[in-house]
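Working notes, structure below.
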Amino acid sequence: MNKFAYSALVAFVSSLLTLITIVWVAPTAAETEGKVREISLDELASHNTADSCWKEIKGLVYDVTDFIDRHPTPASVMTEWCGRPSTEGWVDKGNGRPHSAGAEALLDDFLVGYLAGADVDLDALNQPATGSDTTPPERSAVVGDAVTGPYRDGSYYAEAEPGSRGTFGIIEITVKGNRIVGVYYDELSRDEDGTVNYRKSADMNYAERWRRVSGGVTQLSTYPAYEQMLIEQGVPEGVDAISGATGAYDAFVGLATEALSAAR
């Protein structure tokens with residue numbers, strides 16, 4: 001055998017043995033499914049912008065970049081925590097109020113790993129997903145301790161008693177396919193004939209006054225934000241209060257609970 005042929009044979013056998021070794025020792029997809037990796041503080045710190053926003057919460061690291069635009073606050077509320085431990089902001093988002101059980105449930109979708117040195121249950125984190133070949137549950141499931149349904153299809157309305165200024169909250173919730181698909185909330189007043197003569201959602205002067213007091217948030221953004229959270233979470237308990245709009249939050253959640261009691 002000439003030297004060229006011998007060299008080619010050696011190269012072929014070497015490549016074949018390498019391929020066999022890789023196939024033999026490489027984990028299968030089933031073996032790697034569900035694995036999470038360790039993330040250093042330096043790596044966490046490198047994801048500190050709105051374009052790549054990672055946060056550490058209770059020892060776990062989440063990539064929340066895609067959620068910034070969906071969060072019912074100005075982007076700066078989230079981005080100030082990018083690239084750093086954020087448990088403090090998670091358990092106290094203002095006045096000692098933690099995020100809701102519904103928000104906690106959303107975190108699983110953004111998990112990328114755990115912070116080096118954190119006291120976390122690695123065995124539980126690395127359990128492979130089960131039941132992937134079954135039909136995923138409908139939205140009528142558990143969010144925290146709250147049951148989302150099933151709801152009966154239809155339109156459900158609730159109205160509060162007028163306050164000292166004559167205004168009152170209203171809510172209408174539309175359910176289709178056992179899911180909340182539409183929500184409208186506002187605060188109104190009526191004249192002596194019962195005709196609506198005022199809608200707070202359209203009161204720009206009120207918005208300006210509220211903005212000066214709250215530092216930026218007004219009914220123009222909080223009403224739609226609460227509506228969207230109720231659609232996404234499926235239960236009033238899943239709606240998070242927005243700092244500076246806790247009065248509207250209490251009114252919204254109370255009316256949503258009342259309206260949905262007829263839909264269960």
Here the qualifying pairs (Cβ atoms under 6 Å; residues six or more apart or on different chains; first in the range 229-250 and under 24 Å from ARG264 (Cβ atoms) and in contact (Cβ under 8 Å) with a residue 12 or more places away in the chain; second among the hydroxyl-bearing types (Ser, Thr, Tyr) and open to solvent by less than 10 Å² (accessible area, probe 1.4 Å)) come out as GLY234/THR148; VAL235/THR148; VAL239/TYR226
With criteria (1) touching a residue at least 12 places away in the same chain (Cβ under 8 Å); (2) part of a loop (DSSP other than H, G, I, E, B); (3) on the phi < 0 side of the Ramachandran plot, VAL183 comes up short on (2)
For the range 186-197, pairs from a residue that is over 18 Å from ALA251 (Cα atoms) to a residue that is open to solvent by 100 Å² or more (accessible area, probe 1.4 Å) and part of a strand (DSSP E or B), with Cβ under 9 Å and 6 or more apart or across chains, are VAL196/ARG190; ASN197/ARG190
query = Would the range 53-66 turn up any residue that is β-branched (Val, Ile, Thr), modelled with pLDDT of 65 or more, in contact with a Gly (Cβ under 8 Å, 6 or more places away or on another chain) and farther than 26 Å from GLU232 by Cα?
reply = no
Filtering the range 208-242 for residues that are at pLDDT 90 or above, not hydrophobic (A, V, I, L, M, F, W, C) and not in a helix (DSSP H, G or I) leaves a count of 3
Kindly evaluate VAL213 against the criterion of being out of contact with any Lys or Arg (no Cβ under 6 Å at 6 or more places or on another chain) and under 19 Å from HIS99 (Cα atoms).
no
Note on the range 212-230: residues of a type outside the set (Gly, Ala, Ser) and exposed (fewer than 15 other Cβ atoms within 10 Å of the Cβ) are ARG212, VAL213, GLN228
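Residues to consider are ALA124, ALA101; find the one that is at pLDDT below 70 and exposed (fewer than 15 other Cβ atoms within 10 Å of the Cβ).
ALA124
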Restricting the range 238-264 to residues that are surrounded by fewer than 19 Cβ atoms within 10 Å (Cβ to Cβ) and among the charged types (D, E, K, R), the one nearest to SER221 (Cα to Cα) turns out to be ASP250
When (1) in contact with a Ser or Thr (Cβ under 8 Å, 6 or more places away or on another chain); (2) surrounded by 14 or more Cβ atoms within 10 Å (Cβ to Cβ); (3) outside any helix (DSSP H, G or I) are applied to ILE171, the one that fails is (1)
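The values are calculated or read from the model by the stated rules, or taken from the named source; none is laboratory data. The structure presented is a predicted model; accordingly, all values stated were derived computationally and were not measured. For neighbour counting, all protein chains shown are included, and Cβ atoms are generated from backbone atoms with ideal geometry for every residue, glycine included. Calculation scope for accessible area: heavy atoms of the full protein, side chains included, ligands and nucleic acids excluded. Shrake-Rupley method; radii C 1.70, N 1.55, O 1.52, S 1.80 Å.
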